[in-house]
Amino acid sequence: MAVIIDGKQISAEVRTALAEEIKSMKTVPGLAVVIVGEDPASQIYVRNKGKACEEVGIYSEIIELPAETSQDELLSIINRLNNDPKIHGILVQSPLPKHISEKAVTEYISPDKDVDAFNMVNVGRIMFGDYDFLPCTPAGVMVLLEKYGIDVTGKECVVVGRSNIVGKPMAMLLLHAHGTVTVCHSRTKNLGEVTKRADILVVAIGKANFITGDMVKDGAVVIDVGMNRVPDSKKVIGDVDFASVEPKASYITPVPGGVGPMTITMLLKNTVKSAQKDLT
Ligand code: NDP
């Protein structure tokens, strides 16, 4: 029987501490969230971010733009936000319409306000271990490990997935924490043999129930980043087949209620950090 890592509980604790911190600050931290188009899932994410800001005392500005917005128009809004002293963090919700380059937009956000840490300056700083902001989802995973007293030092860590927003930065953070890190992807041969070596297995591939019990070592810590929507339902399931993996794991994150709640929390944390930097 594994310990179920309670991301909701840890997230609530971190948010309570943040709310206290904000009360003692002279500047009210501000986050701008920009959404282009009417993707229903994105609209929910954006609304949740606004609500989370309000709950901890962060000022938030939600800027909803029509799908026809041109790249230049979007960049000029980002330019305004880059220069707005009330705003300490800027997030542009993905996906963007096809006529807008995500890369151009990410690179246009001031690195000082890039609370998603997707900008190349911040990505580079993470590589050197000298950063202000960490990408929210991998940072949330590291907080969960720390809060449950799971030491990464010397452990075999296997990350499945190599995206720029989850897999790669996740591997880098585990490396900074002195893990021995292997990164797997769709071309990895004998995936199950590699994942079976893991003391700490982090899965971020976007395929429901893909990792099964036979791919996991007894006593492994299993972190499921996956969020796969069940068609025609509000249900979300992970990349890890909980039923067959949980009996083998020592610790496991559920979906929902594991990594998910931490992502927005780390966004709030980055926004507060940015506002604190502004004070100095
Ligand atoms: P991407 O689609 O960008 O990347 C998926 C990665 O998984 C790729 O590196 C791909 O390999 C790899 N992959 C795909 N199929 C396989 C396979 N059969 N075997 C091994 N590796 C495979 O996804 P993201 O990183 O953006 O997201 C991953 C999951 O995490 C999704 O379910 C997403 O919804 C969820 N997510 C959850 C968040 C949260 O807050 N909890 C936040 C962000 C994401 P290759 O590079 O070779 O194509």
Only one of Gly50, Gly57, Gly30 that is under 30 Å from Ser233 (Cα atoms), small (Gly, Ala, Ser) and modelled with pLDDT of 95 or more:
Gly50
Of residues in segment 205-226 being in contact with a helix residue (DSSP H, G or I) (Cβ under 6 Å, 6 or more places away or on another chain) and free of Cβ contacts under 8 Å to residues at least 60 places away in the same chain, the one farthest from Pro247 (Cα to Cα):
Met215
Which of (1) in a loop (DSSP other than H, G, I, E, B); (2) within 11 Å of the ligand (Cβ to nearest atom); (3) under 30 Å from Glu21 (Cβ atoms); (4) not aliphatic (A, V, I, L, M) does Thr265 not meet, given it meets every other one?
(1)
Of the conditions (1) more than 10 Å from the ligand (Cβ to nearest atom); (2) out of contact with any strand residue (DSSP E or B) (no Cβ under 6 Å at 6 or more places or on another chain); (3) assigned to a loop (DSSP other than H, G, I, E, B), Ser163 clears all except one; give me its number.
(1)
Go through segment 229-246 and give me each residue that's touching a strand residue (DSSP E or B) at 6+ places or on another chain (Cβ under 7 Å) and among the small types (Gly, Ala, Ser).
Gly238
Tell me which residues, restricted to segment 111-156, are touching a Cys at 6+ places or on another chain (Cβ under 8 Å) and more than 16 Å from the ligand (Cβ to nearest atom).
none
For segment 3-15, does any single residue satisfy the condition of being polar (S, T, N, Q) and in contact with a Pro (Cβ under 6 Å, 6 or more places away or on another chain)?
yes
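The values are calculated or read from the model by the stated rules, or taken from the named source; none is laboratory data. Remember, it's a predicted structure, so these values are computed and weren't measured experimentally. Cβ atoms come from the backbone with ideal geometry, glycine included; neighbour counts cover every protein chain shown.
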